[in-house]
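Working notes for the structure below.
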Amino acid sequence: MSIDYKAEIERLKKKLPVTVVGHFYQRDEVFEMADITGDSLELARKCKADKNPWVVFCGVGFMGQSVKVIAPEKRVLMPKIACCAMARMIDGSYFDDSVNYMVERGIPKENILPITYINSDATVKAKVGEMGGMVCTSSNAYKIIEKGLESGKKILFVPDRCLGQNFANSMGLKSCVIGQGECDPKEADVICFDGFCSVHQLFTLDDIEFYRNKFPEIKIAVHPECDPKIVEASDFAGSTSQLIKYVNELDPNQKVAVGTEYNLVNRMRKGNTYVLSSTKPECPTMNETTLEDLYLTLKSIEDEKPINEIVVAPDTIKYANLALERMLAIV
């Protein structure tokens, strides 16, 4: 006998003291079952304010960790503990190597201010917090970097080189990427780790040229995780929430091509909104979660045998939370 997963999920949501959370990049059928939707930081903050003791987070691993860091009293489960490819590019040892790279080139450790994109493991956030650094998101990175520069220190930005470069460019700052050419920390304001989002690397100048030739009046809107050349050639660059706002505020007849994850773009304004890619820019890890996975996770709470629970060490929570709280004090 087959299970009606949607009906069972609705039943379990009504019965249990649980909140189902879905990131914008989740597949439609999962996204539609969420009680709270949004981007990563927004979701963590909403979870903290939510009264239910249980959270089932449909997203990728670092997002579930962020909820646990901000609200350690919550029981956080994930239908799939899928790992963001960018977040996997850096761990504690790679972070230490990046700090040592700068120290070996004449920048004392006490003159380094690390800033980590929220798309990072809790252990990296903790190391950043322990060094006096901060977390940022794609929507507030400008403010965080600007505030960080007031310290007079060099900014070590991890793990997304594109985000770091794009915001440095927008502020008229000099940046370099460790491992790419000559990266002299003494000559740069923002020193970037060589990480990236595989989905946002799919968008090319050829894609932009194609749409501009096909629709001369089209707008191009992209995420700042895209390569700096793509951002420079676009009409607008912004975070997930900022892209949604930008597109929604356009004239309904205005055509726009959007350079970000497919599931989000597909749910945007219909008719004159296009995906800025000749291939389907779908995040494989965000798409791992299925309705069956969500059902089984909720059922595990009902059966008092919870699965895929997010566990973060107390010291990691302490210092990662410091990095997050420093960000929240600014924005």
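Key figures for this structure:
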item: Scaled radius of gyration (Cα, divided by 2.2 N^0.38 Å) that the range 1-140 gives; result: 1.25
item: Ordering of 277-285, 18-26 by burial proxy (mean other Cβ atoms within 10 Å per residue, highest first); result: 18-26, 277-285
item: Residues with amide H under 5 Å from that of Cys58, placed H, sequence gap 5 or more; result: Val21, Gly22, His23
item: The range 182-269: GluC sites (Glu not before Pro) falling in loop per DSSP and having at most 12 other Cβ within 10 Å; result: Glu182, Glu187, Glu217, Glu249
item: The chain: Cys lacking any partner C-beta under 4.7 angstrom; result: Cys47, Cys58, Cys83, Cys84, Cys136, Cys162, Cys192, Cys197, Cys226, Cys283
item: Cα centroid separation - the range 248-313 against the range 51-83, whole Å; result: 16 Å
item: Percent carbon-and-sulfur accessible area, the chain, ignoring ligands, DNA and RNA, probe 1.4 Å; result: 49 percent
item: Helix-only CD estimate at 222 nm, as mean residue ellipticity for the chain, using -39500 (n - 2.57) per DSSP H run (n ≥ 4); result: -12000 deg cm²/dmol
item: For Val222, distant residues with modelled amide H under 5 Å away; result: Phe236, Ala237, Gly238, Gly259
item: Per-bin percent of Cα-Cα distances, the chain [10 Å]; result: 6, 26, 31, 24, 11, 2, 0
item: Distance from the range 86-154 to the range 178-232 (C-alpha centre basis), Å; result: 21 Å
item: Relative contact order of the chain, pairs being alpha-carbon contacts under 8 Å that are 6 or more residues apart, as %; result: 23 percent
item: In Hz, Karplus ³J(HN,Hα) per residue of the range 185-202 (6.51, -1.76, 1.60; θ = phi - 60°; x = Gly, Pro); result: x, 6, 9, 10, 8, 10, 9, 9, 6, 8, x, 6, 9, 5, 5, 6, 7, 6
item: For the range 261-273, 3J(HN,Hα) per residue [Karplus equation, 6.51 cos²θ - 1.76 cosθ + 1.60, θ = phi - 60°, Hz, x = Gly/Pro]; result: 4, 4, 4, 5, 4, 5, 8, 6, 3, 7, x, 10, 10
item: Size of charge dipole - the chain - debye, nearest 20, with Cβ of Lys, Arg +1 and Asp, Glu -1, no other charges; result: 720 debye
item: Principal axes of the range 148-305: Cα extent on each, largest first, Å; result: 55, 52, 28
item: Solvent-accessible area per residue, Å², over the chain with all protein chains present [probe radius 1.4 Å]; result: 44 Å²
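The values are calculated or read from the model by the stated rules, or taken from the named source; none is laboratory data. Computed from a predicted structure; not experimentally measured. Quick reminder, even Gly has a Cβ in these numbers, built from the backbone with ideal geometry, and neighbours come from all protein chains shown. These accessible areas exclude ligands, DNA and RNA; they are computed on the full protein's heavy atoms, side chains included. Shrake-Rupley method; radii C 1.70, N 1.55, O 1.52, S 1.80 Å.
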